[in-house]
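Report on the following structure.
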Amino acid sequence: MSRGLRAAAAAAVSAVAAVAVRDLLQRDHALLRNFPVLGHGRYLIEAIGPELRQYVVAGNDEERPFTRDQRRWVYASAKKENNYFGFGTDNDIEYTAGYPIIKHRTFGRAVPLSNPSAGYEASVPCAKILGAARGRARAFRPESVVNISGMSFGSLSGAAIEALNRGAKLAGCLHNTGEGALSPYHRNGGDLVFQIGTAYFGCRDEQGRFSLERLKDLVAANPVRALEIKLSQGAKPSLGGLLPGAKVSAEIAETRGIPQGVDCVSPSRHAEFSGTDSLLDWVEMLATETGLPVGIKAAVGDLGFWDELTTLMTTTGRGVDFVTIDGGEGGTGAAPLIFTDSVSLPFQIGFARVYRMFAERGLHEDVVFVGAGKLGLPDNAIVAFALGCDMVNVAREAMLAIGCIQAQKCHTDTCPTGVATQNKWLTRGLDPQLKSVRAANYIQTLRRDLLKVAEACGVEHPGLIDTGSVEILDGRTAATGLDEVYDYRPGWGLPSKADQETVIALMTTSEPQGGSAPPSAEALGH
């Protein structure tokens with residue numbers, strides 16, 4: 001053995017011996033004290049356990065929050081690759097209670113085109129005009145039923161925000177800023193929904209108080225189409241946010257209007273209102289001063305707030321223009337485990353209860369309903385539209401489209417793909433130009449699939465799918481209609497008759513449907 005090899009071997013043996021001595025002397029870990037050196041293997045396996053399960057152990061439909069099949073569909077859609085699946089479903093349909101089944105129609109008003117790429121470039125606008133019912137000066141019809149949900153700069157990297165905003169422009173959809181203010185990365189052409197959180201980032205004065213003048217200046221200088229007051233979110237309902245001081249860079253500090261390097265805490269409650277009545281006063285003030293439609297975002301827990309809100313809207317003439325319901329399964333905000341797992345209702349139950357309150361008071365046709373919480377998957381989104389959603393917001397699915405691998409490191413600042421971190425070395429790997437195309441591809445593909453399912457149900461637009469088109473399996477031998485599951489009356493879940501007629505006209509084209517040959521003479525004779 002050469003002198004160099006002997007020296008290397010001696011160094012290796014010395015290193016192992018040093019580790020063994022340290023393990024034997026330390027008292028923090030019984031495993032290492034009892035099994036020096038070897039015990040480290042256990043911690044290594046624990047550290048890479050999520051990756052092992054994700055790529056080696058778990059089946060196609062086992063992982064959470066997104067299964068391998070779901071991630072594969074998003075990735076393929078974002079790359080504009082073949083996102084079909086062969087050899088039938090591997091979901092356990094027969095024995096899965098709660099599984100939704102969408103009922104196609106043999107004959108209907110709308111006939112799907114046979115070309116697999118049909119509908120990819122189709123415009124699928126919202127069936128309602130946002131702000132029209134309350135006469136807002138800047139009411140508008142959103143161009144897309146699929147939009148990007150609120151994810152703040154700070155939680156997400158600047159490169160990720162830029163990719164999403166550029167993607168929103170390419171796809172013609174709205175991009176919600178999240179509560180972390182409107183950053184330079186939001187100024188890449190995509191239309192915005194400005195979210196106002198409890199800390200009033202982006203529209204606050206030096207004391208942290210809400211500033212109407214700063215809000216008006218921000219709206220005047222940027223393509224802000226609507227304002228969303230965030231009351232709560234599915235990941236951490238009733239909790240404020242925390243951005244550790246180590247992540248509060250000079251750029252984030254300037255964007256949010258906060259000191260650099262200091263923990264950034266979002267309060268759990270708003271200072272501008274203290275109840276439902278004063279909330280509506282604030283909504284009307286914001287709408288009057290800016291001309292914009294104004295809505296609220298909330299997860300659903302106690303229904304007392306919603307009862308009071310709908311009662312006041314009915315009796316006082318004040319009201320919100322849109323309601324965004326976030327399901328308890330929402331997850332872009334890091335939170336204590338008890339909150340992510342057990343606080344606030346899942347989307348379907350929470351949304352249906354809130355929608356029923358609006359419908360019982362005759363308000364459902366005058367409010368635009370937006371859903372969020374794993375609705376970036378076609379099956380979940382279709383059920384949401386049947387329940388009464390007019391639009392859906394996508395968050396984690398949009399993150400997957402621009403490179404997220406579900407590493408679940410969002411709260412550690414070590415996201416390996418540069419999506420949810422402020423680490424410059426990691427974010428340099430995310431190319432906003434390239435990823436913006438993938439974000440747009442994903443949104444366009446989801447819209448296409450929603451449109452194709454709507455046509456299979458015999459209607460021209462996803463918002464026209466009714467509860468009669470969906471059944472929920474109770475097990476192998478029984479199923480219950482969606483309307484019965486959530487106690488809906490006939491007509492609930494649909495826009496007004498006038499809105500239905502308008503959106504049908506918008507979606508109807510003169511091109512032949514179905515891709516069939518011309519009818520034969522015998523068929524014409526009949």
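Couple of notes before you dig in:
- Inside region 246-282, residues that are touching a Phe, Trp or Tyr at 6+ places or on another chain (Cβ under 9 Å) and in a helix (DSSP H, G or I) make up a count of 9.
- Where a residue in region 69-85 is touching a residue at least 60 places away in the same chain (Cβ under 8 Å) and its partner, wherever it lies, is open to solvent by 30 Å² or more (accessible area, probe 1.4 Å), with Cβ under 7 Å and at least six apart: Ala78/Arg438; Lys79/Arg438
- Among the residues making up region 245-284, those that are open to solvent by 30 Å² or more (accessible area, probe 1.4 Å), free of Cβ contacts under 8 Å to residues at least 60 places away in the same chain and farther than 30 Å from Gln348 by Cβ are Ala250, Glu254, Pro259, Gln260, Gly261, Val262, Asp263, Ser274, Ser278, Asp281, Glu284.
- The residues listed here are Pro432, Pro416; of these, the one that is over 28 Å from Cys457 (Cβ atoms), without any contact (Cβ under 8 Å) to a residue 12 or more places away in the chain, in contact with a Lys or Arg (Cβ under 9 Å, 6 or more places away or on another chain) and not polar (S, T, N, Q) is Pro416.
- Residue pairs meeting the criteria (Cβ under 6 Å; at least 6 apart or on separate chains; first on the phi > 0 side of the Ramachandran plot and at pLDDT below 95, in region 361-380; second open to solvent by 20 Å² or more (accessible area, probe 1.4 Å) and assigned to a helix (DSSP H, G or I)): Lys374/Asn380
- For region 285-308, residues that are among the polar types (S, T, N, Q) and either open to solvent by 60 Å² or more (accessible area, probe 1.4 Å) or within 30 Å of Glu360 (Cα to Cα) (or both) total 1.
- Filter result for the condition that a residue is crowded, with 24+ Cβ neighbours inside 10 Å, outside any loop (DSSP other than H, G, I, E, B) and touching a Leu at 6+ places or on another chain (Cβ under 9 Å), over Ala168, Ala127: Ala168
- When residues of region 474-493 are limited to those that are of a type in the set (A, V, I, L, M, F, W, C) and open to solvent by less than 30 Å² (accessible area, probe 1.4 Å), the one nearest to Lys128 (Cα to Cα): Trp492
- Residues in region 428-445 that are polar (S, T, N, Q) and buried (at least 21 other Cβ atoms within 10 Å of the Cβ): Ser436, Asn441, Gln444, Thr445.
- The residues in region 391-409 that are in contact with a Leu (Cβ under 9 Å, 6 or more places away or on another chain) and surrounded by fewer than 24 Cβ atoms within 10 Å (Cβ to Cβ) can be counted, and the count is 2.
- Scanning region 181-197 for residues that are touching a Lys or Arg at 6+ places or on another chain (Cβ under 6 Å) and either open to solvent by less than 10 Å² (accessible area, probe 1.4 Å) or more than 24 Å from Ala401 (Cβ to Cβ) (or both) yields Ala181, Gly190, Gln195, Gly197.
- Scope region 284-336; condition assigned to a loop (DSSP other than H, G, I, E, B), among the small types (Gly, Ala, Ser) and modelled with pLDDT of 95 or more; matching residues: Gly291, Gly319
- Once region 410-427 is narrowed to residues that are in contact with a Gly (Cβ under 7 Å, 6 or more places away or on another chain) and outside any helix (DSSP H, G or I), the residue that is surrounded by the most Cβ atoms within 10 Å (Cβ to Cβ) is Val419.
- Among the candidates Lys216, Lys230, the residue that is in contact (Cβ under 8 Å) with a residue 40 or more places away in the chain, open to solvent by less than 50 Å² (accessible area, probe 1.4 Å) and among the basic types (Lys, Arg) is uniquely Lys230.
- Residue satisfying all of: in region 140-165; touching a residue at least 24 places away in the same chain (Cβ under 8 Å) and open to solvent by 40 Å² or more (accessible area, probe 1.4 Å); nearest to Leu464 (Cα to Cα) among these: Glu143
- Thr417 vs. criteria within 24 Å of Pro65 (Cα to Cα) and at pLDDT below 95: yes
- Test: Lys169 is under 26 Å from the mean Cα position of the chain (by Cα), basic (Lys, Arg) and closer than 25 Å to Leu434 by Cβ: yes
The values are calculated or read from the model by the stated rules, or taken from the named source; none is laboratory data. Note that this is a predicted model, so its numbers are computed, not measured. Here Cβ is always computed from backbone atoms with ideal geometry, including for glycine, and neighbour counts include all displayed protein chains. Just so you know, the surface numbers come from the protein's heavy atoms only, side chains and all, with ligands and any DNA or RNA stripped out. Shrake-Rupley method; radii C 1.70, N 1.55, O 1.52, S 1.80 Å.
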